[in-house]
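Worksheet for the structure shown next.
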Amino acid sequence: MSATRFTRPVEIPDDLADGTVAPERGRVMLPRRLAWSGQGDFDLDDRRDRMYVYQLVMTEGTSDDVRRYIDLRLLLEMWHDMWLSPHVRERWDCWLRDRELIA
């Protein structure tokens, strides 16, 4: 008997590449449903904080969350340094390659 592993669907809005309203700098407070471990206040001027916010949103967020918190230009700058679960990285990698944003 094999165990079924639950993975949350990865949501990527098709219109993310059309432009963003995501903050590039300053502090953001993620809602508890995204930052469920307790810490929700992050400084986007700190690259590690920004990467962590993006990883949380890309893994746990809805399409609206992605639009609200992810700046595509900044994501591309950090892409190769980010740690993501394999199913999340695969989904985002396909999305970025389909739009010729990464090679």
- Message: Among the numbered criteria (1) surrounded by 10 or more Cβ atoms within 10 Å (Cβ to Cβ); (2) at pLDDT below 95, which one does Arg47 miss?
- Response: (2)
- The condition from (1) out of contact with any Phe, Trp or Tyr (no Cβ under 9 Å at 6 or more places or on another chain); (2) touching a residue at least 40 places away in the same chain (Cβ under 8 Å) that Pro23 misses is numbered (1)
- Message: Go through segment 51-86 and report how many residues are over 19 Å from Ile102 (Cα atoms), part of a helix (DSSP H, G or I) and not hydroxyl-bearing (Ser, Thr, Tyr).
- Response: 8
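A quick yes/no check of all residues on (1) under 20 Å from Arg32 (Cβ atoms); (2) surrounded by 12 or more Cβ atoms within 10 Å (Cβ to Cβ):
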{"residue": "Tyr52", "(1), (2)": "yes, yes"}
{"residue": "Val57", "(1), (2)": "yes, yes"}
{"residue": "Glu60", "(1), (2)": "yes, yes"}
{"residue": "Asp65", "(1), (2)": "yes, yes"}
{"residue": "Tyr69", "(1), (2)": "yes, yes"}
{"residue": "Leu72", "(1), (2)": "no, yes"}
{"residue": "Leu76", "(1), (2)": "no, yes"}
{"residue": "Asp93", "(1), (2)": "no, yes"}
{"residue": "Arg97", "(1), (2)": "no, no"}
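Among the residues of segment 15-33, how many are part of a loop (DSSP other than H, G, I, E, B) and surrounded by 17 or more Cβ atoms within 10 Å (Cβ to Cβ)?
So the count comes out to 3.
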- Run Asp71 past the list (1) of a type in the set (D, E, K, R); (2) in contact (Cβ under 8 Å) with a residue 40 or more places away in the chain; (3) in contact with a helix residue (DSSP H, G or I) (Cβ under 6 Å, 6 or more places away or on another chain) and report the number of the one that doesn't hold. (3)
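The values are calculated or read from the model by the stated rules, or taken from the named source; none is laboratory data. Note that this is a predicted model, so its numbers are computed, not measured. Reconstructed Cβ throughout: ideal geometry from the backbone, glycine too, with neighbour counts over all protein chains shown.
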